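Okay, structure first, notes after.
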Protein chains: 2
Amino acid sequence: MEEQKIRNMEEFSAVSGISRPTISKYFNDPSSVRRSTRERIEEAIARYGYRPNLFAINQNRKFTKNIGIIVPHIVDPFYAEIVRQIETRCVEAGYWAIVLGSHGDAERELSAIEMLYSLRIAGAIIAPLGDTSVSDRIRQLAADIPAVIFDNHMNGDEIFVGTDNFQSVGLMVDYLCRSGEPPCFLDMPAVNTNARERREAYVRAMEEQGFEPHVIPAESAGWDFEELGYNAGLRLLPTHQLPTNTVLCANDRMAIGLIAAAFEKGLRVGRGAATALRVAGHDDHPMARFTAPALTTVAQDYVSIAENSVSTLFGMIEDGVRPSSPLRRLEGRLILRASA
Amino acid sequence: MEEQKIRNMEEFSAVSGISRPTISKYFNDPSSVRRSTRERIEEAIARYGYRPNLFAINQNRKFTKNIGIIVPHIVDPFYAEIVRQIETRCVEAGYWAIVLGSHGDAERELSAIEMLYSLRIAGAIIAPLGDTSVSDRIRQLAADIPAVIFDNHMNGDEIFVGTDNFQSVGLMVDYLCRSGEPPCFLDMPAVNTNARERREAYVRAMEEQGFEPHVIPAESAGWDFEELGYNAGLRLLPTHQLPTNTVLCANDRMAIGLIAAAFEKGLRVGRGAATALRVAGHDDHPMARFTAPALTTVAQDYVSIAENSVSTLFGMIEDGVRPSSPLRRLEGRLILRASA
DNA sequence: CTAAAAAATTTTCGCGCGTAAAAATATTGA
DNA sequence: TCAATATTTTTACGCGCGAAAATTTTTTAG
């Protein structure tokens, strides 16, 4: 890289000997200029290290190349992993992914949405919190801008990609009933639609199998699922309040907490003969392989969720086509490990 | 909110009856306008829902209100948590935090740095990967723009906030030696300075205690620490290759993997009488409370790291003062749980 | 009540780039 | 070779706001 600092496209145009509009065209779409020109520009970029100012680029463009992403919790590896997948795909397609977290707080989710507006995004991919008042705002956004909702359905006509809880939970209930005592269900706080759907799916699946469902309600609100599962374990396990020796948890993070509590109380978890408790989860959380024992769960297809969200969104942005079926429910995959 | 859509500050000025420059001043610093004016503006904001265009704001500002943040892995809850802390503090101070992940890849880290340049950030907070070639670029950035490095020291004169590995590891070694067999050390891949420092700290601490150090080298590279710890466990535990019954892991994520392997191999982990193995970690990873048994570790002070990084950076940005001592080494805190 | 100080307004300019239209040049095919 | 086409250059404007200077209005102090 030469020592000369290029301050703007004008100067870059001067040193590279190519007119500014052509350079502008190149940065918008390298394939839109002749090959020989492209090579000259790229050579100059390598020499002078110029990159256009992002703010100026988006200032005057009719449609920006920004994709807004909102998730409830970036700290949750489940969302972190999906965001990573989405991000990579956006960058590959020449877009810039702007990730905003609502941190479990409806107000911050609202302000994240306002932020997306002022960023003039081309499209949005959102995993909503459960708050109904914000849902209206998200629906408004989806009416104004191409938007895909994932993970948590808002029960409207939004374009949605997520796991089919009835299929995935059904699969697990079926397996657990066939391989041992029918499970009870450790519910998660009603933070979103998934919570309700999974509970309903559990009840329905149990009834279909001819067993009576037992739902253990969540004792407190919030997103600290490991903590909740752990506390539930400390509360229920010593006093043998569980209706069966098999617990299906509403998600893996609760299962992780429950397993920790069981260990602490000296109860062996697993599907062997000498075990006191079987525990199953849902999601195939990145940590599920490393619990003791490793967690039997239903895998949400991270890659497909990301892929579907992104490709659907790009279809809407670039070709203006709404997907024929707005609802895309992906199948969960049973992951058998040692815990159940 | 009224139905009328405000398209820019000019229109907002018209409907609110306040001149555009005053409104501009307000958005830059609400306290810079008279109280009565402020109230009128805020009333109008509530009525019309106007927010200035972010790209236009930053387009022409001498110093933007953007803070760039780069971390090796957003998926790692350790970084995720620190980022969340930093983010919150930036927003509170009226800045916008732009988080970029290098995903363990030096090239992506480089392009993240280029991105920060084109975002015209006011300052940067960076947890570098270990790659030396990129370090030069980061040093260049730090010369151009106020920047704070955290977590992983680059061995230059950069402004740094991080845990004092010699203190924290020393603390743990001391505890382990006093409470049972002296530990061996399960090393992590040499992805950064922390890896080297912690190993050296272990060796030094053992020698000071008069014991012979035993370092188990990392068998492969990469950031999949749980996997590495797990594989090391599967390899070493059944054949009793460990020099002692106590393992100090270079970080919690490796310890989590090791504990999972021990469980799978039927070895009881813990500090009780009937246990075969003691395992300790480093970092107090969010998941460390929920391993089975819960993990004894040294807590890195997430809050202080975030706080120190942010306040140091703001000092440099707003008052132009370099901190008197560029190196800030925070103390680790011993967290005794059941695993050792 | 008046002068001084503080705050708000008016005016004007420019940031770095996208974009459109017209003119000039280069490439392609027959 | 020349016309037809593709590409680049020239020229010109505007996006939405920050910022500075000069002016007017409001507030505060004496």
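The values are calculated or read from the model by the stated rules, or taken from the named source; none is laboratory data. Keep in mind that what you see is a predicted model, and the values were worked out from it rather than measured. Positions of Cβ are generated from backbone atoms using ideal geometry, with glycine treated the same way; all protein chains shown enter the neighbour counts. What goes into the accessible areas is simple: the full protein's heavy atoms, side chains included, and nothing from ligands, DNA or RNA. Shrake-Rupley method; radii C 1.70, N 1.55, O 1.52, S 1.80 Å.
In this structure, the amide hydrogen of residue A:216, modeled 1.01 Å from its nitrogen in the peptide plane, lies closer than 5 angstrom to those of A:185, A:186, A:187, counting only residues at least 5 positions away or on a different chain. When you restrict to C-alpha pairs under 8 Å that are six or more residues apart and normalise by the size of chain A, the relative contact order lands at 15 percent.
Remark: the stretch A:241-247, residue by residue, has Karplus-estimated 3J(HN,Hα) of 8, 6, x, 9, 8, 10, 10 Hz, where x stands for each Gly or Pro and the curve is 6.51 cos²θ - 1.76 cosθ + 1.60 at θ = phi - 60°.
The portion of the accessible surface of chain A made up by carbon and sulfur, rounded to a whole percent, is 47 (1.4 Å probe; DNA, RNA and ligands excluded). Only the Cβ atoms of Lys and Arg (+1) and of Asp and Glu (-1) were treated as charged; on that basis the dipole of the protein assembly as shown about its Cα centre amounts to roughly 860 debye. Comparing the full protein assembly with the isolated chain (1.4 Å probe, heavy atoms, ligands and nucleic acids excluded), the residues of the stretch B:238-270 losing at least 50 square angstrom of accessible area are B:263.
Among the GluC sites (Glu not before Pro) found in the stretch A:1-94, those both in a DSSP coil and sparsely packed, with 13 or fewer other Cβ atoms within 10 Å of their Cβ, are A:2, A:3. In order along the stretch B:317-334, the phi-based Karplus estimate (6.51 cos²θ - 1.76 cosθ + 1.60, θ = phi - 60°) of 3J(HN,Hα) comes to 6, 8, 10, x, 9, 6, x, 4, 10, x, 9, 10, 9, 8, 7, x, 10, 5 Hz; Gly and Pro are listed as x. Residues whose amide H comes within less than 5 Å of that of residue A:161, counting only those at least five positions distant or on another chain, are A:149, A:150, A:151, A:328 (H built at 1.01 Å from N in the peptide plane).
How many angstrom lie between the Cα centre of the stretch B:313-340 and the Cα centre of the stretch A:59-95? Spelled out, the Cα-based centre of one part sits 31 Å from the other.
For the protein assembly as shown, the residue among A:338, B:327, A:183 whose Cα projects farthest onto the positive side of the dipole built from Cβ charges is B:327.
Counting from the shortest, the label point at residue A:137, 7 Å from Cα toward Cβ, is 3.7 nm from the same position in each remaining copy. Quick one: label points 7 angstrom along Cα→Cβ at residue A:29, distances to the other copies in nm, smallest first? Those label-point separations list as 4.5 nm.
Mind giving me the FRET efficiency for residue B:118 and residue B:19? R0 is 25 Å, r the Cβ-Cβ distance, nearest 0.05 is fine. Before the final figure, lay out each step's value.
Numbers: r = 32 Å, r/R0 = 1.30.
Calculated value: 0.15.
Rounded to the nearest Hz, the phi-derived 3J(HN,Hα) couplings of the stretch B:275-288 under the Karplus curve 6.51 cos²θ - 1.76 cosθ + 1.60 (θ = phi - 60°) are 9, 9, 8, 10, 10, 10, x, 7, 2, 6, 3, x, 8, 5, where x marks glycine and proline.
Among the chymotrypsin sites (Phe, Trp or Tyr not before Pro) in the stretch B:42-119, those placed in a DSSP loop whose Cβ has at most 15 other Cβ atoms within 10 Å are B:63. Taking a straight line from the alpha carbon of residue A:5, these lysines sit under 21 Å away, with near neighbours fewer than eight places off in the same chain left out: B:62. Going from the chain on its own to the full set of protein chains, the stretch A:273-300 has these residues losing 40 Å² or more of accessible surface (heavy atoms, 1.4 Å probe, no ligands, DNA or RNA): A:287, A:289, A:290, A:292. Summed over both chains, the contact between A and B buries some 4100 Å² of accessible surface at a probe radius of 1.4 Å. Counting only trypsin sites (Lys or Arg not before Pro) that DSSP places in a loop and that have at most 11 other Cβ atoms within 10 Å, the longest clean stretch of chain B runs over B:63-340. Summing +1 for each Lys or Arg and -1 for each Asp or Glu among the other residues whose beta-carbon sits under 11 angstrom from that of residue A:100 gives -2.
Quote to one decimal, in nm, the extra length available between residue B:7 and residue B:29 on full extension: 0.36 nm per residue of separation minus the C-alpha distance between them.
Values: separation 22, 0.36 × 22 = 7.92 nm, distance 2.14 nm.
5.8 nm is the gain from fully extending residue B:7 to residue B:29.
Counting only protein heavy atoms and a 1.4 Å probe, chain A has 43 square angstrom of accessible area per residue. Projecting the Cα positions of A:294, A:27, A:148 onto the charge dipole of the protein assembly as shown (unit charges on Cβ atoms of Lys, Arg, Asp and Glu, taken about the Cα centre) puts A:27 furthest along the positive direction. Here r is the Cβ-Cβ distance between residue A:336 and residue A:303 and R0 is 25 Å; the resulting FRET efficiency, rounded to 0.05, is 0.80.
Based on Cβ point charges of +1 for Lys and Arg and -1 for Asp and Glu, what charge dipole magnitude is obtained for chain B about its Cα centre, in debye rounded to the nearest 20?
Numbers: 36 positive and 44 negative charges, 188 e Å.
So the magnitude is around 900 debye.
Where a ≥ b ≥ c are the square roots of the eigenvalues of the C-alpha gyration tensor, would you call the stretch B:121-174 rounded, which needs a/c under 1.5, or, failing that, prolate if a/b is larger than b/c, or oblate? Taking the square roots of the gyration eigenvalues as a ≥ b ≥ c, the stretch B:121-174 is prolate.
Determine the shape class of the stretch B:193-262: with a ≥ b ≥ c the square roots of the Cα gyration tensor eigenvalues, call it rounded for a/c under 1.5, and otherwise prolate if a/b is greater than b/c, oblate otherwise. It comes out oblate by the Cα gyration axes. Taking amide H positions as modeled 1.01 Å from N, with prolines and chain starts lacking one, the residues under 5 Å from residue B:271 and 5 or more places away or on another chain are B:340.
Each Cα pair of chain A feeds into the Kirkwood radius, which the Stokes-Einstein equation turns, at 10 °C and 1.306 mPa s, into a diffusion coefficient of 71 µm²/s. Cα centroids of the stretch A:101-142 and the stretch B:133-204: 39 Å apart.
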